[in-house]
1. Could you pull out the residue among A:97, A:110 that is buried (at least 19 other Cβ atoms within 10 Å of the Cβ) and either of a type outside the set (D, E, K, R) or within 22 Å of residue A:194 (Cβ to Cβ) (or both)?
2. Consider residue B:203 against the criteria (1) touching a Gly at 6+ places or on another chain (Cβ under 8 Å); (2) under 30 Å from residue B:79 (Cα atoms): it satisfies all of them except one. Which criterion is unmet?
3. Scan the helices (runs of 4 or more DSSP H) fully inside segment A:237-355 and keep the ones with 1 or more residues being over 21 Å from the mean Cα position of the chain (by Cα) and more than 24 Å from residue B:107 (Cα to Cα).
4. Can you report the number of residues in segment B:143-186 which are out of contact with any His (no Cβ under 8 Å at 6 or more places or on another chain) and within 12 Å of another protein chain (Cβ to nearest Cβ)?
5. Condition first: assigned to a strand (DSSP E or B) and either more than 11 Å from residue B:77 (Cβ to Cβ) or within 21 Å of the chain's Cα centre (by Cα) (or both). Now tell me which residues in segment B:42-58 satisfy that.
6. Looking at A:300, A:334, A:308, A:324, which one is within 14 Å of another protein chain (Cβ to nearest Cβ), buried (at least 21 other Cβ atoms within 10 Å of the Cβ) and touching a Leu at 6+ places or on another chain (Cβ under 6 Å)?
Amino acid sequence: MLEEIIYLDNGATTRMDKRVLAAMTPFFLETYAAATSQFGYSMGIDAKDRLEEARNTVARELGAAPEEFAFTSGSTESSNMALKGVALALGERKGKHIITTSIEDFPVLHSVRVLEKRGFSVTYLEVDELGRVDLNRLSEAMEPETILVSVQMANQEIGTLQNVASVGAICRERGVLFHTDASHSFPRVPMDVRELPVDLVTVTAHLIHGPKGVGGLYVRKGTPLVKWMDGGFQEFNLRGGVENIPGAIGFATAIELVTPEETSGLQVMRDQLIERLLQIPHARLNGPPELRLPHNVNVSFRFVEGESILLHLDMRGFAVSTGSACFSRSLEASHVMMGIGGDHERAHGSVRFTFGRFNRPKDVDAVADAIAEVIERLRAISPLGKQ
Amino acid sequence: MPLPYSDIVMDHFRNPRNVGRIDNPDAKAIEGSPACGDMVAVYLKVDPDSHRITEVSFESYGCASNIATASIITEMAKGKTLEEAKALTWKQISKMLGGLPAVKVHCSVLAIDSLRAAVENYEERHGLVKERKPTTVEVVRRRLKRVMNPMVGLDLVRTRLVRDITVADGRVQVALSLCSDHQFAVNIREEIMEKIEPLWDVHEVTVQFDERALSELPVVQ
């Protein structure tokens with residue numbers, strides 16, 4: 001094991017920034033009271049004030065009013081809350097049809113699958129080779145019973161940015177609610193709900209050097225949503241449970257530390273790495289070259305398998321991820337890789353590299369050199385790709 | 001930091017033995033798994049009098065467990081007779097490798113299948129094959145013993161996942177005690193199809209799930 005690894009799996013989670021930890025610590029040790037009403041004792045009032053400050057920060061970043069943003073335990077909870085909450089609110093009253101895409105992340109995908117078992121019908125929009133939703137298909141899929149459309153801002157594996165503005169416009173036109181999972185893009189890809197016709201937005205802290213276990217849901221004023229996590233009246237009675245104030249402070253601090261300059265730096269590394277990797281024979285970029293997450297690179301190498309690549313890179317001190325079936329918990333190839341091409345081969349040799357704050361420009365050449373060597377080595381023992 | 005693989009597995013993964021192709025092999029086979037995408041090729045040189053394997057090599061388009069298993073079986077098969085090589089079981093091999101994570105056993109079975117297929121390829125070419133037998137429930141059951149239950153790394157039959165097998169007019173139906181939305185349902189179905197579909201007199205394979213079954217796989221042996 002090498003002393004320090006070069007971590008290129010920031011799309012899975014990130015190292016927390018020390019400044020985030022420093023901002024959170026007092027709320028474990030000093031101002032640890034639960035947020036109370038204004039008639040409570042002073043430590044509780046102080047805690048409440050700081051929670052609301054954190055909420056203001058996150059809401060401002062989204063262009064939302066503070067009372068339109070509820071903290072949750074992360075993006076999985078947020079998406080469950082949005083999809084199941086709308087289904088419970090409108091299923092009997094308006095209809096039982098939901099539209100989403102075939103390449104959503106699991107919180108959305110598995111929430112709608114559960115709803116399907118409970119009598120809802122779901123349309124899974126197919127995407128093109130670059131992972132983009134066809135807006136005409138979306139319009140065609142709309143039915144009088146459609147209550148909700150859920151299309152992600154950015155794809156977790158191949159980085160594709162969806163045209164959510166147009167998706168939202170189509171939904172607005174038909175009076176259908178629109179949810180977007182912005183976990184992987186927020187706040188590096190800016191969004192403003194005053195301009196974007198969206199009703200529900202999932203966000204999370206741990207992908208931007210914030211703490212794990214905190215995220216949130218933007219809920220546009222007036223959106224019908226049945227409370228899903230029953231308990232006390234916290235979070236505007238949208239989610240019960242004592243507020244995770246250190247987490248909320250951590251999330252807000254993490255947002256404040258993300259700057260456009262930093263994101264541009266990640267994008268430079270992204271583009272340099274793509275250029276280097278595509279010099280390797282039989283390498284192919286997954287997802288679009290430009291309209292993609294600023295920190296995401298995903299390349300498939302033919303004739304070799306992802307878990308083997310990953311292990312060899314680990315031995316050389318690099319952390320990456322793959323869409324190969326051999327690596328997945330269900331032994332199925334990545335549904336995203338299958339969704340954009342439908343062939344196992346592309347998933348089998350796919351590698352995702354995701355940059356973060358603690359990467360340095362020299363990491364690009366280091367990982368590109370290492371992967372070139374590993375691919376050559378594995379191709380030498382592969383039965384494919386030879387005469 | 002403990003890796004899920006033993007030192008022996010990692011050693012064979014890092015430095016696989018007997019890699020590459022043999023020029024003019026006496027037999028070869030490529031086995032692939034559409035379910036996970038792995039492929040293994042095995043090449044043999046066989047002494048025509050003693051039927052002993054004199055040379056053996058492999059190539060792999062697969063994961064660590066696949067590469068390591070293929071590597072170690074080439075070591076084990078060398079010098080063995082065809083019959084001895086065919087009799088190698090994944091249990092012996094897994095033991096030689098210092099164990100494999102349950103979920104990765106199926107990747108290693110593919111390497112063993114490939115060695116068997118190469119031996120059978122030699123037997124076919126040299127007129128050593130006996131008559132083709134018709135597929136029976138027992139034949140299907142034996143094949144299902146090579147499909148792994150990824151929860152425990154033991155086969156489907158042994159872990160009592162196979163509720164019923166019917167064989168009629170080239171149609172094979174396998175009923176499982178597993179619900180269709182189990183984590184491994186898709187994988188297990190594809191593996192079953194892979195093992196049963198190639199039988200010479202089978203033209204349709206269906207796998208039935210049981211929605212009443214718990215979504216956990218039984219762990220009993």
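1. From the options A:97, A:110, the qualifying one is A:97.
2. (2) is the only condition that residue B:203 fails.
3. Because the criterion is at least 1 residues that are over 21 Å from the mean Cα position of the chain (by Cα) and more than 24 Å from residue B:107 (Cα to Cα), the helices (runs of 4 or more DSSP H) in segment A:237-355 that meet it are A:245-257, A:260-277.
4. Here is the first cut: in segment B:143-186, the ones out of contact with any His (no Cβ under 8 Å at 6 or more places or on another chain) are B:143-146, B:149, B:151-169, B:172-186.
This time we only want the ones that are within 12 Å of another protein chain (Cβ to nearest Cβ), so: B:149, B:151, B:179-186.
Residues meeting the conditions: 10.
5. In the first step, residues of segment B:42-58 are kept if they are assigned to a strand (DSSP E or B); the result is B:42-46, B:52-58.
Answer for segment B:42-58, where residues must be assigned to a strand (DSSP E or B) and either more than 11 Å from residue B:77 (Cβ to Cβ) or within 21 Å of the chain's Cα centre (by Cα) (or both): B:42, B:43, B:44, B:45, B:53, B:56, B:57, B:58.
6. One residue alone meets the criteria, A:308.
One line per residue, one yes/no per condition, for (1) within 14 Å of chain A (Cβ to nearest Cβ); (2) more than 28 Å from residue A:334 (Cα to Cα):
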| position | (1), (2) |
| --- | --- |
| B:28 | yes, yes |
| B:41 | yes, no |
| B:73 | no, yes |
| B:86 | no, yes |
| B:89 | no, yes |
| B:94 | no, no |
| B:99 | no, no |
| B:103 | yes, no |
| B:108 | yes, no |
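Per-residue answers, yes or no, for (1) modelled with pLDDT of 95 or more; (2) not small (Gly, Ala, Ser):
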| position | (1), (2) |
| --- | --- |
| A:298 | yes, yes |
| A:307 | no, yes |
| A:326 | no, yes |
| A:333 | no, no |
| A:346 | no, yes |
| A:363 | yes, yes |
| A:368 | yes, no |
| A:372 | yes, no |
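The values are calculated or read from the model by the stated rules, or taken from the named source; none is laboratory data. No experiment lies behind these values; they were computed from the predicted model shown. For neighbour counting, all protein chains shown are included, and Cβ atoms are generated from backbone atoms with ideal geometry for every residue, glycine included.
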